[in-house]
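Here it is, the structure, as structure tokens.
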Amino acid sequence: MNRRTALIAPFLFATPALAQRAAAPAAPALSDRDRADLTRIEAYLNALTTLRARFLQIAQNGAAAEGTAWIWRPGRMRFEYDPPEPLLLVADGGQFLMYDRELRAPTTLLVSRTPLGILLRREVRLSGDVTVAGLERSGGFLRVTVFRTSEPNEGRLTLVFNPDPLELRQWAVTDAQRRETRVTLSRIETGLRFPAGLFQFNDPRFFEPGGFGLPQGG
């Protein structure tokens, strides 16, 4: 896996080589405490409208990058990597755009086919079409691992929270080959107002550094 492929891994689950289907593994039994924590997590995510944070991303092969993330639920997200990394990732209108500024090559896919699509839903529910594969409390953090029930081969998404008060601090994507990529958030701000243009990619100015009056890197 090359550096850029490793860096976009958190936004992709399935690959053609993993297209074969397998039966979904059985979900583990949940205690009353587990179910209470899952209810808290759902409530927290559904109350989260906007978030801006710095991120540090580390891939299985050691590739690392930093940048600024914006989330505007439901449905919108922007990940802008600090130079010299040329990647830009934007979700809006049900599509995820991945753009390489050096190659000037965009790639799009459905948000619903990405791991973070679970977070961008209008209503987050950790049941039904989302299966909880595990819930762990260790090191002062609460971790919940999920996958799309109908697509167990896509991979798994682990969300890591500070438990009290509940706050999303990290997520990790593990693909079907058990390669993991972690994204850790810092300098988290919520409840902000963002310009709609931040999440649009149909204007050529969007692809230029500093577009829409934003300083590069946040």
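Set the Förster radius R0 to 45 Å, insert the Cβ-Cβ distance between Arg33 and Asp100 as r into 1/(1 + (r/R0)^6), and round the FRET efficiency to 0.05. Each step should come with its number before you reach the end.
On the way: r = 45 Å, r/R0 = 0.99.
Efficiency, rounded to the nearest 0.05: 0.50.
I've got another one for you. Using 1/(1 + (r/R0)^6) with R0 = 30 angstrom and r between the beta carbons of Thr107 and Glu66, what's the FRET efficiency to the nearest 0.05? Could you put the intermediate results ahead of the total?
Numbers: r = 22 Å, r/R0 = 0.73.
Calculated transfer efficiency: 0.85.
Report the calculated FRET efficiency for Arg40 and Glu189 (r = Cβ-Cβ distance, R0 = 30 Å), to the nearest 0.05.
On the way: r = 21 Å, r/R0 = 0.71.
Once the sixth-power term is evaluated, E becomes 0.90.
So which GluC sites (Glu not before Pro) in region 90-178 are both in a DSSP loop and have at most 16 other Cβ atoms within 10 Å of their Cβ? It would help to have the intermediate numbers written out before the result.
Numbers: sites: Glu102, Glu123, Glu136, Glu154, Glu167; in loops: Glu102, Glu123.
Answer by residue number: Glu102, Glu123.
Here, each number is a calculation from the coordinates, and none is a lab measurement. Worth saying up front: this structure is predicted, and the values here are computed from it rather than measured. Note that we place each Cβ from the backbone using ideal geometry, even for glycine, and neighbour counts take in every protein chain shown.
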